[in-house]
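A short worksheet on the structure shown next.
The values are calculated or read from the model by the stated rules, or taken from the named source; none is laboratory data. Every value quoted in this text rests on a predicted model; they were computed, and no experiment measured them. Glycine also receives a Cβ, built like all others from the backbone with ideal geometry; neighbour counts cover every protein chain displayed. Quick note on the areas: whole protein, heavy atoms, side chains included, nothing else; ligands and nucleic acids left out. Shrake-Rupley method; radii C 1.70, N 1.55, O 1.52, S 1.80 Å.
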Amino acid sequence: QVQLVESGGGLVQPGGSLRLSCAASGSIFLLYAMHWYRQALGKQRELVASISRGGSTAYEDVVKGRFTISRDKSKNTMYLQMNALKPEDTAVYYCNINDGRDHWGQGTQVTVSS
């Protein structure tokens, strides 16, 4: 059974940084592309960043240059380093993997506010 557990969210001032983590069950890590999504209050869930099986990365334009997705095979963990945070980055952030069906973590709240 696939399990994804996010952590690292919190309250940060505009311009600050946070690093989110997503711990994945060992049997699936590196077998599939992994993704970070976010969902702001009252809005649809949106894709933020992706990392392929081979390690290639892709970002939505709104976070390009500010966010970095990465993973550590030894820890079965994916990360999202978020710099230069803006109030509009406020959302619940989810990690996702699809092995034929979508698997989601419980989400971690990121709030950017002064």
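So with the 1.4 Å probe, I'd like the accessible area per residue for segment 1-106, rounded to whole Å². All intermediate terms of the calculation are to be shown ahead of the outcome.
Numbers: 5750 Å² over 106 residues.
Solvent-accessible surface per residue comes out at 54 Å².
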Problem - Residue of A49, A58, A24 that the Gaussian network model of the chain assigns the largest fluctuation, springs spanning Cα pairs under 10 Å - result: A58
Exercise for the section: Over the chain, with every protein chain in place, what whole percent of the accessible area is carbon and sulfur at 1.4 Å, could you tell me? Expected result: 46
Problem - For the chain, size of Cβ-based charge dipole, Lys and Arg +1, Asp and Glu -1, in debye - result: 180
Problem - Residue among G100, G15, G55 with the largest mean-square fluctuation in a Gaussian network model of the chain, springs linking Cα atoms under 10 Å - result: G100
Completion exercise
Counting only residues 5 or more apart in sequence or on a different chain, those whose built amide H sits under 5 Å from that of K86 are G15
Exercise for the section: Once you've got the GNM for the chain with C-alpha springs shorter than 10 Å, pick whichever of S21, S56, S74 has the biggest mean-square fluctuation. Expected result: S74
